[in-house]
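*Asks:* Structure incoming, see below.
Every number in this text was worked out from the coordinates using simple rules, so none of it is lab data. Values in this document were obtained by computation on a predicted structure and should not be read as measured data. Ideal geometry is used to build each Cβ from the backbone, glycine not excepted, and the neighbour counts take in all protein chains shown.
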Number of protein chains: 4
Amino acid sequence: MIWPDSRHYPIELRLPVLWGHMDAMGHVNNTVYFRFFESARVEYMAQMGLFARQGEDEVVPILASTRCDYKVPLVYPDEVVVGARTVKVGRTSFTQEYAIWSTAKNALAAQGEGIIVCIETKSGKPIAVPDDVRAAIERVDKSALTVALDRA
Amino acid sequence: MIWPDSRHYPIELRLPVLWGHMDAMGHVNNTVYFRFFESARVEYMAQMGLFARQGEDEVVPILASTRCDYKVPLVYPDEVVVGARTVKVGRTSFTQEYAIWSTAKNALAAQGEGIIVCIETKSGKPIAVPDDVRAAIERVDKSALTVALDRA
Amino acid sequence: MIWPDSRHYPIELRLPVLWGHMDAMGHVNNTVYFRFFESARVEYMAQMGLFARQGEDEVVPILASTRCDYKVPLVYPDEVVVGARTVKVGRTSFTQEYAIWSTAKNALAAQGEGIIVCIETKSGKPIAVPDDVRAAIERVDKSALTVALDRA
Amino acid sequence: MIWPDSRHYPIELRLPVLWGHMDAMGHVNNTVYFRFFESARVEYMAQMGLFARQGEDEVVPILASTRCDYKVPLVYPDEVVVGARTVKVGRTSFTQEYAIWSTAKNALAAQGEGIIVCIETKSGKPIAVPDDVRAAIERVDKSALTVALDRA
């Protein structure tokens, strides 16, 4: 697996392509790619320790926007690697990039993006990304960097 | 729409068949029928007033078993009518029958069953079907009967 | 239903929000919005007469990219209106805009986009949008305009 | 993993439980279990070599009925093992048993069944299970038996 531009994803999830993921065109349906992105995003948040905070918490991350660019059609059988990394941290939101690698085709199958907004539970309004959330993002993406350097 | 054996369903839900419901065989995927059954079951429970009770409640209805017999393949475009009725109330559970009518094919597309067990929230164990749940089932299925008689 | 900027969609699909569309957050899952978009896109293509052409055809429309901006969370029960219109026709692709209206909340729930590329079946490469496809898009979107004027 | 009654499944598929598999109750939705069964069934058919036959073939296997008994609720994160075996070969159909093992809970999460009918493509009617299909079933389930004995 060689991600384009020697980029690195701190989260890499191996997921099976199932026969039932295909639609009447005989390709994995366009909605399934977003389930793959979601799974990597949730894993990223788990690594951030965001779930441990939940419940007691006054800030909740909400998916505000997401996109997928389809490169190569996926078909069963295959196993994909779904990568996730944070590419930007703004005032009230952060932006993640997702990528799907087809091991059967040895090719980048899709690339996407997700914008996650920090919402204050009480008001339902966007709120500045809390310091500990910023720190958690840096930790997850940095540890990835470390791993990447170790591999070099 | 003529249900077999002039049977009657107190809940009849009209749902569109979507293109995305089809799998690589070009038919509505087998799992989608259970989504249709679920939708009728939830509507039945809403009519019972079960959701109003929830939260404050010590008894929760859980799907313990479900089955689908596929009669005629569904394809897009179509609109189905999903029927639900309770066919048996036991000590700790009740049994529902579901049916899916294809308006495009004017035929019974599938028939199924669901067994719903009353679980005590605290212990997680089956508990006798509460009297008000029995009464609610009778009311939903009876009002259906009334409607059926009105129509005759 | 009042679409923003008094825009008009030639395709407006009424779809039920199902209980099973909700995820563990208690909101309609982010992937379901793309199923809604897909359903409007397929209806748009059906109106274009694209399916009649299929099989005998040397050109096939492929979804190359799609995006969704989430505005207001959807919850069951609700019924959405999904709008689709073509906003741009390029050399080898055309761009559609999608919108989801929540009738329960009387609000724009989401807005999105889809880029559809014309692929030559034989080579698998992008090909110039055929004249009859251009004409079909104009017809679908124009007839909508007519309807809109009639309503005024 | 200890299947009940020391039974053995020739097909054992490891599948991740995804966050998006959960519904508003916070458990894996009832329809997802049928996607798991389907995935094991398709893998079983692949082992039978049924897909190689397809296209040129006058007999196609169709799912006529399926059932699931839910034992223990699944939640994310988890990894399940989905087992499939043929328990009966009739005149025009064969019956498979499915089981889902939760590795997180170290427990049998669900058990189910599928009845697969052999349909003659031309007439659309059930046809006697062809000899090579019977042989393929025996081969898949027997090789399993062999493996089971080797492990003993």
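*Asks:* With charges only on Cβ, +1 for K and R and -1 for D and E, what is the dipole size of the range D:4-142 about its Cα centre, in debye, rounded to 20?
*Replies:* With only Lys, Arg, Asp and Glu charged at Cβ, the dipole is about 220 debye.
*Asks:* Still on this model: If we count other beta carbons within 10 Å of each Cβ, what is the order of B:Trp19, D:Trp3, fewest first?
*Replies:* Starting with the residue having the fewest Cβ neighbours, the order is D:Trp3, B:Trp19.
*Asks:* Just to be sure I understand the model, the point goes 7 Å from the Cα along the line to the Cβ. What's the resulting D:Asp132 to B:Ile2 distance in nm?
*Replies:* Rounded to a tenth, the inter-label distance reads 4.3 nm.
*Asks:* Enumerate the amide H contacts of D:Lys71 below 5 Å, restricted to partners 5 or more residues apart or on another chain; note that Pro and chain-start residues carry no placed amide H.
*Replies:* Residues meeting the criterion, in which the H sits 1.01 Å from N, are D:Ala110, D:Gln111.
*Asks:* Something else now. Between 0 and 90 degrees, rounded to the nearest ten: what's the tilt of helix D:30-48 against the longest Cα principal axis of chain D?
*Replies:* Tilt of helix D:30-48: around 40 degrees.
*Asks:* Using a 7 Å offset from Cα along the direction of the beta-carbon, what are the separations from B:Asp69 to the same position in each other copy, nm, ascending?
*Replies:* 2.0, 5.2, 5.3
*Asks:* Would you please give the residues with an amide H less than 5 Å from that of C:Thr92, counting only those at least 5 places away or on a separate chain, with H modeled from the backbone geometry?
*Replies:* The answer is C:Val129.
*Asks:* If the label for A:Gly49 sits 7 angstrom from Cα along the Cα-to-Cβ line, what are its distances to the same label in every other copy, in nm to one decimal, shortest first?
*Replies:* Inter-copy label distances (nm, one decimal, shortest first): 4.8, 5.7, 6.4.
*Asks:* Another question, then. Given the options C:Ala40, C:Ala107, C:Ala99, which has the most mean-square fluctuation in a GNM of chain C, springs set between C-alpha atoms less than 10 angstrom apart?
*Replies:* Among C:Ala40, C:Ala107, C:Ala99, the largest mean-square fluctuation in the Gaussian network model of chain C belongs to C:Ala107.
*Asks:* Quote the charge dipole size of the protein assembly as shown about the Cα centre in Debye, to the nearest 20; the model charges only the Cβ of Lys and Arg (+1) and of Asp and Glu (-1).
*Replies:* With only Lys, Arg, Asp and Glu charged at Cβ, the dipole is about 0 debye.
*Asks:* Tell me the Rg and the Dmax, in Å, that the Cα atoms of the range C:4-144 produce.
*Replies:* Reported Rg and Dmax, both Å: 16.0, 47.
*Asks:* Around B:Ala64, which amide H atoms from residues at least 5 apart in sequence, or from another chain, sit under 5 Å from its own amide H, with H modelled in the peptide plane?
*Replies:* The answer is B:Ile115, B:Ile116, B:Val117.
*Asks:* Return the single residue from A:Glu79, A:Glu58, A:Glu12 with maximal mean-square fluctuation; model: Gaussian network over chain A, springs between Cα atoms under 10 Å.
*Replies:* A:Glu58
*Asks:* Please compute the contact order of the range B:1-106 in relative form: average sequence separation of alpha-carbon pairs under 8 Å and at least six residues apart, divided by the residue count, as a percent.
*Replies:* Result for the range B:1-106 is 39 percent.
*Asks:* Students often forget the sequence filter, so: which lysines lie under 22 Å Cα-Cα from A:Lys142 once same-chain residues fewer than 8 apart are removed?
*Replies:* A:Lys88
*Asks:* Between C:Lys142 and C:Ala107, what FRET efficiency comes out of the Förster formula 1/(1 + (r/R0)^6) with R0 = 30 Å and r the beta carbon distance, rounded to 0.05?
*Replies:* Efficiency computed from Cβ-Cβ geometry: 0.55.
*Asks:* Per residue of the range A:63-80, what does 6.51 cos²θ - 1.76 cosθ + 1.60 with θ = phi - 60° give for ³J(HN,Hα)? Whole Hz please, x for Gly and Pro, Karplus curve as stated.
*Replies:* Each residue's phi maps through the Karplus curve to give 6, 9, 6, 8, 8, 9, 9, 8, 9, 9, x, 9, 9, 6, x, 6, 10, 9 Hz.
*Asks:* List the distances, in nm to one decimal, from the label point of D:Pro126 to the label points of the same position in every other copy, shortest first, placing each label point 7 Å from Cα along the Cα-to-Cβ direction.
*Replies:* 3.1, 5.3, 6.0
*Asks:* Could you work out [θ]222 nm for chain C from helices alone, using -39500 (n - 2.57) per DSSP H run of at least four and dividing by all its residues? Round to the nearest 500 deg cm²/dmol.
*Replies:* After summing the helix terms and dividing by the residues of chain C, the value is -9500 deg cm²/dmol.
*Asks:* Scan chain A for the residue whose Cβ is closest to the axis carrying it onto chain D, then write down that distance in whole angstrom.
*Replies:* A:Pro16, 4
*Asks:* Report ³J(HN,Hα) in whole Hz for each residue of the range C:111-122, in order, from the Karplus equation J = 6.51 cos²θ - 1.76 cosθ + 1.60 where θ = phi - 60°; Gly and Pro get x.
*Replies:* 9, x, 8, x, 10, 10, 9, 8, 10, 6, 4, 4
*Asks:* What's the percent breakdown of Cα-Cα distances in the protein assembly as shown across 10 Å bins, shortest bin first?
*Replies:* 3, 14, 24, 27, 21, 9, 2, 0
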